[in-house]
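Structure, as structure tokens:
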Amino acid sequence: MKADEQINILMVDDSTTNLLALEAILQAPDRNLVSASSGDDALRYLLNNDVAVILLDVFMPGIDGLDTAELIRAREKSRDIPIIFLTADSTGGRHLRRGYSLGAVDYIVKPIEPDILRSKVAVFVELFKKTLEIHRQAQLLHEKNLELENANLARLSMLIDLGQELALEHDPWRVLENFCRSARQIVDAQEAAVGVFDADCDDLRFYFRCVSGEDIDSSTGIPKVARRALDFLVNERRSLRLNDSDELLDDDKKSSDSVRSFLGAPILASTGVCGWIYLLNKIKAEDFTEADERLATTLATQVGIAYENARLYSNAQRHASELQMEIAERKQAEEERAQLLVREQAARAEAEQANRTKDEFLATLSHELRTPLSAILGWSHLVRTGKLDELQMTRAFETIERNARSQSQLIDDLLDVSRIVTGKLQIELGPVNLPPVIEAAIDAVRPAFEAKDIQFEPVMKSQALLVPGDANRLQQIFWNLFSNAVKFTPHGGRVRVEIERAEPHARVTVSDSGIGIKPDFLPYIFDRFRQADGSTTRVHGGLGLGLAIVKHLVELHQGTVKVDSKGPDQGATFTVSLPLASAGAVADLESAAVREREGNGLPAGFSELLDGLRILVVDDELDSRELITAILTRCGSEVRCSESAAEAIQCFRDWKPDLLVSDIGMPKEDGYSLIQKLRKMRSKWARDIPAVALTAYATVEDRARALDAGFQVHVAKPIEPEALVRSIAGAAGRKI
């Protein structure tokens, strides 16, 4: 925003006294306070002027403030202008409701408190300034892009014209002369030169130099500042770009202060370097750029071909016997140009496809972000009205939480893809037993299977499959595959997970009876941002990132993933193969499993660690409850179990445990809700009880959320008996 530019603030009141008072309160150098004594005056002013905020009196003769606001909102130009209603009626509930329904941002009751009014108006003035600045920056960016585009088009046009001109010129002398003049203009340099060696020796046969504002010169020698650079590019057979800070140029500048930058490229022929081009001093910039260097290489190639063609044509005039060879060479050049055109067309088609994919992804991303955001904002607005009953409030909070989690997952996927693209996604390799990791992933998606009544069939053909990997990332792989199966399998469908040893790999197969995959889309199933249905009428949401992340994570583990499908409505099968760990590591794991079966894997001295401690275990899975009970009772504790949050609340009232161990993901009411209810109970016993969260949600974010909810400790599944007992002992204040 310009320093002397003022922001319009429209004040509408039928009282001159009130308008003067408002001016006195809001007067500032950067503001233009516009007074209107009626709604009609305000509407006329808004026809041709923008304002940051409108201060609108409710009660006015003729068109009152509410009707004026409705007319303002009806216009496209003024629809989004913030309106602050001013009224002397502090009890006007009906007017208040109507005012907010018309889009009012605030309601101020007279007499006005100056500081309050100033602060509220200042917010919208600052917002208006920032909006203006954004518009200006966008316009500047557009103009800059347009300028660059026009410059590139101009370069391209000159390059095409030069190519046509050189192709039509048969005199080698004129080819180099015309090229020298055009090259200086195309690259926008102060000076351009071209030199061609004699075929029988290293001496220059032709040399042309063009300086801005001067005619073509072939008699002046090569500037000293360029000689060493030309020797370098001829010997190295590659382009060379030197700017003000380069040592080679800096040494030579001692003899010529007028040279700021040098750009050169060799002219290559089948026999080697046949010449060179160089350019000095960029006119509209300090230095030559990388793009200029590529352009110089192209120009060198172009002039080399043109010069060679002209030379051959000239020789053909003198030597009729060489005519056939010249025709063959021209035909070869045409074929190369045709191949170049085919490659260019293929590259363009690929770029257009990538652009379409990008546009589809951006549209999908907008939809996937806005859809949950719409639900969050809508329910938040309803909650703020305070008119929802308890059941509706519960539904509102559940909807807000579910959609917030959806957005969080989208952001996590985007961050993972960003790390993949930049090569920053890393894993911490260690020996991992695969079946418990898969079981943890199954636990995480089990509620989704149950919600769609999908028949889930896990088949564990081996309980000890040790792989070198990162447990969290492995769980992410299978969570993505299971979530994908849930998404594309209809109600009442079937999903089968088979884990087996297929030396020297562990193989996990996830098959479903879902909608299947079209054969023409199978090669692209693991591509980023690619979806089988990218239309606006698609049935299934998502960004098309999950399977791309799966493929990258599997490859980081030195494994492979593939997909098979017989076609639409025939289901799909994903197969993940991961290399097994060494035999010694497997033996260690099996020994640990034996120790766990014999004594729950607990060290000596743990048998009385939890002696006398009354522990309530809450988990909807019977197997988990039995395992935890077996571990804790061996350490001397008294254990009771509940399979739901409601049952746990009743147990608190009847039994009064000393410590709570609760799962997070449970049907109907999860562990977060349970701990929050306990912390709000009147009983000090319930409010202060130590609580341990035991869950398959194992990320850093999940741990932070559990601690914020009221748990003292977060323990990730699969359960390690020693770690569980240590965590419970620590929460209970027992010394280990």
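The values are calculated or read from the model by the stated rules, or taken from the named source; none is laboratory data. These numbers were taken from a predicted model, which means no experiment stands behind them. Note: ideal-geometry Cβ built from the backbone for every residue, glycine included; neighbour counts use all protein chains shown.
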remark   = Of A698, A716, A704, A709, the only residue that is at pLDDT 90 or above and either of a type in the set (G, A, S) or over 30 Å from V445 (Cβ atoms) (or both) is A709
message = Every residue in the stretch 8-46 that is β-branched (V, I, T) and either under 19 Å from I72 (Cα atoms) or not assigned by TED's automatic domain parsing to the domain that holds G62 (or both), please.
response = I9, V12, V34
task = Can you work out which of the residues in the stretch 279-313 that are of a type outside the set (A, V, I, L, M, F, W, C) and under 18 Å from R174 (Cα atoms) is farthest from the chain's Cα centre (by Cα)?
result = Y313
task = Name, by its number, the condition in (1) in contact with a Gly (Cβ under 9 Å, 6 or more places away or on another chain); (2) surrounded by fewer than 17 Cβ atoms within 10 Å (Cβ to Cβ) that does not hold for L622.
result = (1)
query = What's the number of the condition G541 fails, among (1) modelled with pLDDT of 60 or more; (2) in contact with a Ser or Thr (Cβ under 9 Å, 6 or more places away or on another chain); (3) small (G, A, S)?
reply = (1)
ask   = Has the stretch 497-518 got at least one residue that is without any contact (Cβ under 8 Å) to a residue 40 or more places away in the chain, more than 16 Å from T575 (Cβ to Cβ), surrounded by 14 or more Cβ atoms within 10 Å (Cβ to Cβ) and outside the structural domain of V700 (by TED's automatic domain parsing)?
value = no
task = With the condition kept exactly as written, say whether any residue in the stretch 64-76 is surrounded by 13 or more Cβ atoms within 10 Å (Cβ to Cβ) and outside any helix (DSSP H, G or I).
result = yes
ask   = Restricting attention to the stretch 463-486, which residues are more than 25 Å from G516 (Cα to Cα) and surrounded by 14 or more Cβ atoms within 10 Å (Cβ to Cβ)?
value = A464, L465, L466, V467, P468, G469, D470, A471, N472, R473
request  = Looking only at the stretch 141-156, decide whether some residue is in contact with a helix residue (DSSP H, G or I) (Cβ under 7 Å, 6 or more places away or on another chain) and either within 26 Å of G386 (Cβ to Cβ) or part of a helix (DSSP H, G or I) (or both).
outcome  = yes
message = Criterion first (polar (S, T, N, Q) and under 46 Å from the mean Cα position of the chain (by Cα)) does T629 satisfy it?
response = yes
message = Looking at M11, M60 in this structure, which one is surrounded by 17 or more Cβ atoms within 10 Å (Cβ to Cβ), over 27 Å from R136 (Cβ atoms) and out of contact with any Phe, Trp or Tyr (no Cβ under 7 Å at 6 or more places or on another chain)?
response = M60
task = Could you list, in sequence order, all residues of the stretch 6-21 that are farther than 9 Å from S35 by Cα, within 50 Å of the chain's Cα centre (by Cα) and assigned to a loop (DSSP other than H, G, I, E, B)?
result = Q6
inquiry  = I'm trying to understand the selection: among the residues of the stretch 110-126, which are assigned to a helix (DSSP H, G or I) and of a type in the set (A, V, I, L, M, F, W, C)?
reply    = I116, L117, V121, A122, V123, F124, V125
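I'd like the residue in the stretch 681-702 that is touching a residue at least 12 places away in the same chain (Cβ under 8 Å), within 30 Å of the chain's Cα centre (by Cα) and outside any loop (DSSP other than H, G, I, E, B) and, out of all such residues, is farthest from A648 (Cα to Cα).
The extreme case among them is E701.
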note = Among T301, T271, the single one that is modelled with pLDDT of 85 or more and assigned by TED's automatic domain parsing to the domain that holds L230 is T301
request  = From the list R184, R174, pick out the single residue that is at pLDDT 80 or above, part of a helix (DSSP H, G or I) and exposed (fewer than 15 other Cβ atoms within 10 Å of the Cβ).
outcome  = R174
G534 modelled with pLDDT of 75 or more and under 27 Å from E350 (Cβ atoms) = no
ask   = Can you spot a residue in the stretch 679-692 that is surrounded by fewer than 21 Cβ atoms within 10 Å (Cβ to Cβ) and of a type in the set (F, W, Y)?
value = yes
query = Going by the structure shown, is G264 at pLDDT 85 or above and more than 42 Å from the chain's Cα centre (by Cα)?
reply = no
